[in-house]
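Notes follow once the structure below has been shown.
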Amino acid sequence: MNVKIANSLNQVSDISSIDRTEIAPDINNDHNPESPRWGANATPEEAATTAAAPIGNGLPGGGANALSPEVLASELLGELAAKLKSKSPQGDANATPRSGPAVAMRIAKEVERICQKSDRIKNSGQVHSWQLTLGRHRLQKCLEFYKLGSHQGRVELHSQLSSIVYRHVAPNQNLSFQARYNLIEDFLQNFYIEVLRAFRREHEMPADYTPRTQLELAEYMAFTEQYAKRRINLPGRYNQQLIVLRAQGFANGQPKETVLDIEQAVEFPKGEEAEAHNRSYAVQQVREQMISEAADPSDKVVRDRVIAELMEYLESQNQSDCIDYLVLKLQDLSAPEIDSILGLSPRQRDYLQQRFKYHVEKFARQHNWKLVHQWLGADIDQNLGMSEQQWQAFVSSLTPENQQLLKLKRSGVSDADIARSLKCSAKQLQKRWSHLLELAWQSRNA
């Protein structure tokens, strides 16, 4: 499948991925008004003259048919100048970028290494022809990216590499296009860094080298394409492109998808199997994420008030062990950790949890129901947390006495006036209201 990923999503958002591999911005004044120099003072013509002597010594066993790197670089630099001159609007004779000699020399040395390692080239008797062909091919790829420019060149390179690895980054996962695209972006970020390190290593460049001119950036992009397509020999007389092997390794390192019940992650575990599930790494990650999510500052203030009021209530009920349990639960400790700290057996912990739940429900429905419902976003003004349809069904299901009680509460009448109106005691009113809140909770969670 030939997928142009870079172009399909607004050209990969300006293809910032290659920028993030330490490549400096383009330098528009990449052309030197003076003649390009090889060393301190030498011109390309002088370099060709001085390099004529070592012809035949460029390759071991190459004989007089091999070119030295200096001569080949001079040849390539001349062709580079000629092609850039022909593309220049006024045919500028000084159109060669100032980084041209260094780029030509790196191409020449790379070609020399290729010819040295190839027995077929060395035994062909046409080493000179091979050197020129390989050098011109490398130079042509560099010129293609140079002519495309910084932005479009990166778009084309990113698109080409993305289409190669598209089917390999997640071969056994049924992912959407966006999910696969995100994986490809992550993979290519690391691959571009690897290529830059390989470029520095193979060309013996400083450890902090980065392309700083348009020609150097084009050279790096051409090297990236060539590096990605290198064929790596594998057992069984089989070979594969290097970038495909890297993508397959990346895919094998991706964690498998895990199905997780969010409600189970936040509920108290019941039983040994539930506790084991609650201790799993995936559940811990989900809980950490839920705890670390940024909250509304006002919501945090109300939450702190609820916790403080709950602790005061538990203290008034002489439930110090419930306070200790609450403090440990707020630290998101697991049940075994709480057992170890409090010195509880599983049976004692189960009894403590039931007692804690009883007091929390009593606190939420009787002692300070307004604060709790405000924190939950389920106060009276918000229909006790129900949608309009649920609210209408809930109200219609109530007895006339409870409907009147609810109407008085919504009107802001004091409890003393409500008790007189309903002809009941304050304790009876509290019980009736607590029962009504329980009915609302059942209706809201039905």
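The values are calculated or read from the model by the stated rules, or taken from the named source; none is laboratory data. All of these numbers come straight from a predicted model, not from anything done at the bench. Methodologically, a virtual Cβ is constructed for each residue, glycine included, from the backbone with ideal geometry; neighbour enumeration extends over all protein chains shown. Just the protein is used for accessible areas: all its heavy atoms, side chains included, with ligands, DNA and RNA removed. Shrake-Rupley method; radii C 1.70, N 1.55, O 1.52, S 1.80 Å.
General observations
- Sole exception among (1) at pLDDT 85 or above; (2) open to solvent by 30 Å² or more (accessible area, probe 1.4 Å); (3) touching a helix residue (DSSP H, G or I) at 6+ places or on another chain (Cβ under 7 Å) for F356, by number: (2)
- Identity of the residue in the range 321-333, farther than 13 Å from Q353 by Cα and part of a helix (DSSP H, G or I), that ends up nearest to the chain's Cα centre (by Cα): L330
- Residue check for N172: over 18 Å from the mean Cα position of the chain (by Cα) and either within 30 Å of Y146 (Cβ to Cβ) or at pLDDT below 90 (or both): yes
- Only residues that are at pLDDT below 85 and not in a helix (DSSP H, G or I) were counted across the range 119-141, and they come to 1.
- Every test in (1) farther than 23 Å from E204 by Cβ; (2) in a helix (DSSP H, G or I); (3) without any contact (Cβ under 8 Å) to a residue 60 or more places away in the chain; (4) not acidic (D, E) is passed by L175 save one, and that test is (2).
- Pairs, first more than 14 Å from E194 (Cα to Cα) in the range 225-248, second part of a strand (DSSP E or B) and of a type in the set (A, V, I, L, M, F, W, C), C-beta under 8 Å, six or more apart: N239/I232; Q240/I232; Q240/L234; Q241/I232
- Subset of the range 162-196 (residues that are closer than 27 Å to R113 by Cβ and exposed (fewer than 13 other Cβ atoms within 10 Å of the Cβ)): N190
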